[in-house]
1. Mind checking Rg over Rh on the range 122-180, alpha carbons, Kirkwood formula for Rh?
2. Roughly how big is the range 245-310's charge dipole about its Cα centre, with Cβ charges of +1 (Lys, Arg) and -1 (Asp, Glu), in debye to the nearest 20?
3. For helix 353-369, what angle does its Cα long axis make with the longest principal axis of the chain, in degrees from 0 to 90 and rounded to 10?
4. From the alpha carbon gyration tensor of the chain, can you work out the equivalent ellipsoid semi-axes (sqrt of 5 times each eigenvalue) and give them in Å, largest to smallest?
5. Using only the Cα atoms of the range 78-153, what are the Rg and Dmax in Å?
6. Determine the shape class of the range 242-296: with a ≥ b ≥ c the square roots of the Cα gyration tensor eigenvalues, call it rounded for a/c under 1.5, and otherwise prolate if a/b is greater than b/c, oblate otherwise.
7. Please report Rg over Rh for the range 320-476, where both radii come from the alpha carbon positions and Rh follows the Kirkwood definition.
8. Full-extension gain between Gln337 and Ala113, please, as 0.36 nm times their residue separation minus the C-alpha to C-alpha distance.
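Nothing in this text is a laboratory measurement; each read-out follows from the coordinates by a stated rule. Note that this is a predicted model, so its numbers are computed, not measured. Cβ sites come from the backbone with ideal geometry, for glycine too, and all protein chains shown count toward neighbours.
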Amino acid sequence: MTRLSIGFRLTIWYLTVFALAQLAFGLGMWLILRENLREVTRTALAGQVEDVRRFLESQPSSQPLAALRSAVTDEYSAESDGDYLEISDADGNWIYRSPSFSQMKLPQIARAAMAVPAYIDTRIGDKPFRFISQHIDIRGHDFTVQAARSISQEITTLDRFRNYLLLFAPGLLVIAGLVGYGLSRKALMPVDTVTRTARTITGQTLNQRLQPLHTGDELQRLTDTLNEMLERIELAFQRVTEFTADASHELRTPVSLIRTEAELALRRSRGEAEYREALRHILLEAERTTALIEELLALARADSGRQALNIQPLDLRAALQELASGWRQVANVRGLQFSERLLNAELRVLGDASALRRVIDILLDNAFKYTPAPGGTVSLNAEEANGRAVISVRDNGMGITEADQHRIFERFYRVDKARSREMGGAGLGLAIAQWIVQQHHGKITVESTLGAGSIFRIELPLASKEVSRELLPQQS
Ligand code: ADP
């Protein structure tokens, strides 16, 4: 089922609310008008009763019924006030009855109800009247006064008012609907524009952006957010494309070296020693290629979020001691001085043991690679400072310029491409090291002076309750 557009739905809601408001308003106004009109006739009728009271009070108390009758008749028969009036005494004898009342059947009201003015609307013949019926006490004598007024004018006014309301309401509703729809269309128009532009954005046109709005409302926030998201996607896309291009480039070099070596070896027949030498070169390149593929895979898995680290509490000092003994032998072979200064106590951190070993291996491997043999020294230190484990790898090798220090953690970045390649590096080691350290909520930094050496420092949070909670979500 296709849903109605937001603009249409908004208009329907708006119209429903508007119609209800109009109904409540019209009904309210009609009731107020009716009450006011009622009040006008009621006040006039109450005034008429009051007038009768005053007149009766002005009459002598001992007056016989006939004399009172003729006095009242004299007073009221000539006046329009007397058109619809009946006055009777406690025994039900009438004292005055207007001629028009003599043919009418007046409403019968219970005596008790007439202690206060009792109002009744009734039709006599085809004419609507409002009656007041009230007992009045004149010097201990009880009289009943009934007076009436025509309310046809009142009813006509109310009917006319209702008709006007019924006449204008649909018109207003139509106008409100059209204006509401127009306004919602106008307000939502940018959404259509955004949708149209978004549809045209593909993998090749990721540099496109949605037209920025300056409305300061939700729509502006939406387009800004979408543009920010596009920026992130473009950047990620760019990184992937660059990564693929760089990786292909890096892989092409060893493969073409292997090919060349094999082609040269096969060009003419050679002695066993030459074949061995060629195969040794081929093997070396194949090993480098395997290492490179391993690194590429590690980064690809890191990017895809599938590289899950196995975080466990571990003693980093023990892991470093184990590593150091291996590197001491490498140092011997390469003719470098290697020393380690590790603290005496345990260094408990939460981490993936093999990933952290890999980081130290990368740093030590670099230190050995970029430190010339005679006189070269490399040291591995571990200490505890400010609640953090600090491991540093120091060398007195070639050093790195200030500008390069900012870039060496980038993928495939090598200060001296040829030299690094010769050493077997593709510029991925530090990028992998940085990713691993960041996954441990730690940080890796470099301090270096060109020609004097470098210090790579890793800081990791020590295993504490808070860190455990962050790194090991399954622990409470
Ligand atoms: P690579 O595999 O090429 O060593 P890395 O990512 O490990 O790649 O390092 C990037 C670059 O940083 C290296 O090519 C090198 O130029 C520089 N570098 C890293 N460690 C050192 C160091 N200890 N001394 C001097 N330069 C270094």
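1. On the way: Rg = 21.7 Å, Rh = 15.3 Å.
Computed over Cα atoms, the ratio is 1.42.
2. Here the range 245-310 has a charge dipole of around 200 debye.
3. Roughly 50 degrees, rounded to the nearest 10.
4. Details: eigenvalues 2463, 179, 51 Å².
They are 111, 30, 16 Å, listed from largest to smallest.
5. Radius of gyration, then largest Cα-Cα span, for the range 78-153: 12.3, 39 Å.
6. Values: a/c = 6.46, a/b = 2.28, b/c = 2.84.
Since a/c reaches 1.5 but b/c is at least a/b, the shape of the range 242-296 is classed as oblate.
7. On the way: Rg = 15.9 Å, Rh = 16.2 Å.
Ratio value, two decimals: 0.98.
8. On the way: separation 224, 0.36 × 224 = 80.64 nm, distance 12.08 nm.
Residue separation times 0.36 nm, minus the Cα-Cα distance, leaves 68.6 nm.
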